[in-house]
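Structure, as structure tokens:
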Amino acid sequence: MSARRQLSFEDLGTPLIETTLVVVDLETTGTDPGADAITEIGAVKVRGGEVLGEFRTFVDPQRPIPAYIASLTGITDAAVAGAPPIQSVLPTFLDFVGDAALVAHNARFDISFLSAQAARCQVTWPRPQVLDTLALARTVFRRDEVRDHKLSTLAAHVGATISPDHRALTDARATVDVLHAIIDRLGPTGASTLEDLASAHRRARPVQLRKKHLAEHIPSVPGVYQFLDAQGKPLYVGTSQNLRSRVRTYFTAAESRRRVLDMLPRAERISVIETTTATEAAVRELRIIGQEKPPSNRHGLTPEKALWLRLETGASGLRAARLARDESDGSAQIGPLASRHDVEPLRGLLTDAIIGRGSSLERAGGRTTHTDEGHRRRLHRAMTQDPTEVLDHAAARMRAHASANRYEDAERIRRLALTYLTAARRACRLRAIGGTELLIAARPSTEGVVDGKGWELLAVRHGRFAGTVLVPHHADPLAAARSLALTGTGEGDLAAPLCQGHHQETEILLSWLEGPGVRTVLSDGSWSHPARARFDQDHLTRRFARTAMPTEA
């Protein structure tokens, strides 16, 4: 057995023996992450060579599985019938992954599908460290040793305990054996950390080696890090649950983003802000980016670019709006929209559904006119309470196009309906939490708590972060909640309709509040959604299914 080098305090990185890895494999309906869907997810969680757990589920792709895919994988339409949709599966899978690094064979394929589905489902993609056993195998196993680097070839070569068969969990198990063989090969070369393994098939740039000393004194705590120039101005801002480990990756070959490599020559030091929880870190990161506008961050808080579709009071109808407005006068708005190009198609969908096809509202000067009170009430209900009328209209058009073999037109209507559902759901969630003066909730936590278990408490005021605290299991969480209720009182003064100007922050908090195990501890005001506000893709799927049964009520 080869001796491993002794890690000193100055060494940067996460030792492999302490690193949790989740080896994942997907089966899909095709190869395009933007157009195809996941049919099965299989994953194995390992640490130090020990299997900690496994994850496996079919996924309803909500479309037919091509015959050649079914022949290759054995996964048929009947096999996935009744399986949960990706909207339900993905959050559960990400909970299984937690803070682990992801491993896959040809990782670009699997990660592109997972991240694309996360964006489609409005689930925050955690941007985990990713290892690609295909790239590593090409470095470790030369062509004079193996004929190719397919998973089946490598599994046979390393003597894997299971043979891959194009099923997700089986292939993930085989990938685990290949990964362990790669680690054994790289061990004698000094690859003893996660970062070493991630960059084993690449070389660090000279600028990364020159600036590596900047990371020497970064602590292993959750928080926010800032790369600063000679004048102390932020060049780049990020967040991590382990600042030391994350910052170290910027100085390895694993970091290849052009904007980061262009930033490093100007970086003179790295400052950190330690936080109690990862949620606090994410909020602080957003606020710093919004205030400082670091040049190397791709996007930040840009409230002036938010765009809404607003239903005005009286007879003025629907129009685009840059700012959300108070709705107590009977107006309503949905959004923020992903693109200004969504405004006209959405306006057409809503008016056609409510008033009738071919009777779209007359437009004058960018506004709509001649909306009678009955139509306005129905539009208001469709935007804030019940999407059924709009979904029935969209489903009928989809069915008509599909029956005429105009599948591209049917898909266009489906995507437009999903855009409407996304905008209405975002507004519904922002409206509810933005109107709540104070909400304090708790969820079980094992991070940074004495004895390894306890509660993470979060305080939210009108959709803005107001404070957080970790409470050991033996302490009184209610007492901690009362103390937390005294913090962040100034956040309420910054409240805006539908969380205008800070909706990205609010959506981070909503993801936390809607997670598993969360319970309300204290509240001042109510936090609820309308009972019929089913702004989700499943509702559209059900309405479309009903169009195939015209005699049903």
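Values in this text are rule-based calculations from the coordinates and carry no lab data. Model, not experiment: these values are computed from the prediction. Glycine also receives a Cβ, built like all others from the backbone with ideal geometry; neighbour counts cover every protein chain displayed.
A few notes on this one:
- Alpha-carbon centroid distance for the pair the range 128-172 / the range 28-87, whole angstrom: 20
- Test item: Cα-centred dipole of the chain, Lys/Arg +1 and Asp/Glu -1 on Cβ, debye: 1300
- Residue by residue, the range 240-247 carries 3J(HN,Hα) couplings of 7, 7, 9, 4, 4, 5, 5, 5 Hz when phi is fed to the Karplus relation 6.51 cos²θ - 1.76 cosθ + 1.60 (θ = phi - 60°); x denotes Gly or Pro.
- Alpha-carbon Rg/Rh ratio, for the range 24-70, with Rh computed the Kirkwood way: 1.12
- Over every Cα atom in the range 86-241, the radius of gyration and the widest Cα-Cα span, Dmax, amount to 18.5, 57 Å.
- With bins 10 Å wide beginning at 0, the percent of Cα pairs of the range 228-314 falling in each bin runs 14, 41, 29, 8, 5, 2, 0.
- Filter on LYS212/LYS305; LYS45/LYS150; LYS211/LYS453; LYS212/LYS293; LYS45/LYS453 - keep pairs with C-alpha separation over 31 Å: LYS212/LYS305; LYS211/LYS453
- Using a cutoff of 8 angstrom between alpha carbon atoms and counting only pairs six or more residues apart, the relative contact order for the chain works out to 10 percent.
- Computed from Cα atoms, the angle from the helix 343-355 axis to the main principal axis of the chain rounds to 40 degrees.
- Its Cα centre serving as origin, the range 127-263 has a Cβ charge dipole (Lys and Arg +1, Asp and Glu -1) of approximately 540 debye.
- Helical content alone sets the calculated 222 nm signal of the chain at -11500 deg cm²/dmol, taking -39,500 (n - 2.57) per DSSP H segment of four or more residues and averaging over every residue.
- Reachable aspartates and glutamates, given that their alpha-carbon falls under 20 Å from the alpha-carbon of LYS233 and they are not under 8 places away in the same chain: ASP262, GLU268, GLU274, GLU285, GLU292
- Taking the centroid of alpha carbons for each part, the range 326-357 and the range 418-432 are 11 Å apart.
- Relative contact order, percent, the range 198-287 [alpha-carbon distance under 8 Å, six or more residues apart]: 40
- Compactness check for the chain: Cα Rg over 2.2 N^0.38 Å is 1.07.
- Relative to the dominant Cα principal axis of the chain, helix 86-97 is inclined by about 30°.
- LEU522 paired with ARG210, simple spin-label distance in nm, labels 7 Å along Cα-to-beta-carbon: 5.3
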